[in-house]
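A.B. asks: Provided herewith is a single structure, encoded as structure tokens, for subsequent inquiry.
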Amino acid sequence: MTERLKTESLPELETRLFLEALHQRYHYDFRSYSKASLSRRIEVAREALGCATISELQGLLLHDPGALHQIIDALTVQVSDLFRDPAYYRRLREEVVPHLKTFPSLKVWIPGCANGEELYSLAILFEEEGLLGRTLFYATEINRRALAKAAQGVYDISRLAGFSANYQAAGGRASLSDYYTAAYSGAAFHRRLRQATVFSEHDLATDQVFSEVHLVSCRNVLIYFDEALQHRAVGLFADSLVRGGFLGLGAHETLRFSSHGKAFTPFCENERIWRRTANTECPDA
């Protein structure tokens, strides 16, 4: 320990102590997130809260509970779109859904659901394919305020043109306007799309699995983790999925170097979709 401290720069030391304080005080564990990305996000939090140093930000965190949610907002990346990367959703529709239709009921887990864009994308797709009525969705997120926005399903009306273009490129069978009601500056997606959704706080660094899941869609989350946390998260996905279940990742994420990779076989590798193999034991997550 002494040798490590000698080699740490002051910002590194401040960052480590800040993350430890966040974990010990509020049980949010960012200690295994990618250091480069996390350092940028901490700087965003420091500037947003008017702190001169990370140590001052730590003091604010410990002594002003009201600052917590602003800090968590800054540390988590809530950037998404409906049907983001349309080719992914087209492959789900054309290649994965025919297999899902063979199950009498379905469970879908969306870790890191952000403000809900991925949830509503999947719900719309599942409705068009006749699966929504027999599917239970788990939408999970570490950021409580983002989770609340996901549960509301209201988005700025200026985003709808982009949403609609993605929807059509993903093989949408109708008009996206069939799924929301627009008023003033917002568009509220219909309640039926989320009526069978469990919205839950969940931390991939510390929490456990959702059992007997048929699809895990976790896109653009692993890129913010270090190698050890990626290993843990993929292990959770493998343990959650039923035999023959599917895992979808983001465009720049892969299982190629994961120690849990042998639990999966490529299904649509270009779109980052894998299938859970049968009877494969995973190493400890």
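The values are calculated or read from the model by the stated rules, or taken from the named source; none is laboratory data. No experiment lies behind these values; they were computed from the predicted model shown. Cβ atoms come from the backbone with ideal geometry, glycine included; neighbour counts cover every protein chain shown. Ligands, DNA and RNA are stripped out before the accessible areas are found, and what is left, the full protein with its side chains, is counted by its heavy atoms. Shrake-Rupley method; radii C 1.70, N 1.55, O 1.52, S 1.80 Å.
A.B. asks: Hey, in the GNM for the chain with a 10 angstrom Cα cutoff, which one of A48, A196, A170 fluctuates hardest?
C.D. replies: A48
A.B. asks: Could you sort E20, E271, E227 by accessible area so the largest value comes first, with the probe set to 1.4 Å?
C.D. replies: So, going from the largest accessible area down, we get E227, E20, E271.
A.B. asks: So, one more: Taking a ≥ b ≥ c as the square roots of the Cα gyration tensor eigenvalues, with a/c under 1.5 meaning rounded and otherwise prolate when a/b beats b/c, else oblate, which class fits segment 10-75? Display every interim value, and only then the final one.
C.D. replies: Details: a/c = 1.31, a/b = 1.12, b/c = 1.17.
Rounded shape, in that the Cα axes give a/c under 1.5.
A.B. asks: Note down the relative contact order for segment 164-285 as a percent, whole number, built from C-alpha pairs under 8 angstrom at least six residues apart.
C.D. replies: Working: 153 pairs, mean separation 25.1, N = 122.
With pairs under 8 Å counted, the relative contact order is 21 percent.
A.B. asks: Over the chain, what percent of the accessible surface lies on carbon and sulfur atoms, probe 1.4 Å? Spell out each step's value before the answer.
C.D. replies: Details: 6660 of 13290 Å².
Answer for the chain is 50 percent, counting heavy atoms of protein chains only.
A.B. asks: Further, regarding this structure: Sum up the charges of everything whose Cβ sits under 15 Å from the Cβ of S158, counting Lys and Arg as +1 and Asp and Glu as -1, but leave S158 out. Intermediate results must be reported in sequence, preceding the final value.
C.D. replies: Details: positive: R159; negative: D81, E117, D156.
Around S158, the charge tally is -2.
A.B. asks: Cut-off 10 angstrom, C-alpha nodes, Gaussian network model of the chain. Which of R91, R173, R194 fluctuates the most?
C.D. replies: Residue with maximal mean-square fluctuation among R91, R173, R194: R173.
A.B. asks: From the mean inverse distance of alpha carbon pairs (Kirkwood) and the Cα radius of gyration, derive Rg over Rh for segment 117-262. Intermediate values should be presented prior to the final figure.
C.D. replies: Numbers: Rg = 16.2 Å, Rh = 16.6 Å.
Ratio of gyration radius to Kirkwood radius for segment 117-262: 0.98.
A.B. asks: Now a separate question. Could you tell me, in Å, what Rg and Dmax come out for the Cα atoms of the chain?
C.D. replies: For the chain, the Cα-based Rg and Dmax read 19.9, 63 Å.
A.B. asks: Please give me the summed charge of the neighbours of I42: other residues whose Cβ is under 14 Å from its Cβ, Lys and Arg +1, Asp and Glu -1.
C.D. replies: On the way: positive: R16, R31, K35, R40, R41, R46; negative: E12, E14, E20, E43, E47, E56, D73.
Net local charge, I42 excluded: -1.
A.B. asks: Given R₀ = 35 Å, what would the calculated FRET efficiency be for A169 paired with Q70, taking r from the Cβ atoms and rounding to 0.05? Show your work: numbers first, answer last.
C.D. replies: Working: r = 36 Å, r/R0 = 1.02.
Calculated transfer efficiency: 0.50.
A.B. asks: Starting from the Cα-Cα distance between A188 and H99, subtract it from 0.36 nm times their residue separation and give me the gain in nm to one decimal.
C.D. replies: Numbers: separation 89, 0.36 × 89 = 32.04 nm, distance 3.10 nm.
So the chain would gain 28.9 nm between A188 and H99.
A.B. asks: Between K262 and A48, how many nm apart are label points set 7 Å from Cα along the C-beta direction?
C.D. replies: Here the modelled spin labels are 4.2 nm apart.
A.B. asks: Wrap a convex hull around the Cα atoms of segment 171-232, take a quarter of its surface area, and give that in square nanometres. Provide the component values of the computation, followed by the final result.
C.D. replies: On the way: hull surface 28.7 nm².
Computing the convex hull of the Cα atoms and averaging its projections yields 7.2 nm².
A.B. asks: With the other protein chains left in place, how much accessible area per residue, in square angstrom, belongs to the chain at a 1.4 angstrom probe?
C.D. replies: Working: 13290 Å² over 285 residues.
Here the residues of the chain average 47 Å² of exposed surface.
A.B. asks: Choose one of L122, T197, L176: the residue whose Cα lies farthest towards the positive end of the charge dipole of segment 107-205 (beta-carbon charges +1 Lys, Arg; -1 Asp, Glu; about the Cα centre).
C.D. replies: So the residue furthest toward the plus end is T197.
A.B. asks: Another question, if that's okay. Can you tell me, using C-alpha contacts under 8 Å and at least 6 residues apart, the relative contact order of the chain as a whole percent? Mind showing how you got there, number by number?
C.D. replies: Working: 439 pairs, mean separation 48.6, N = 285.
About 17 percent, as a whole number.
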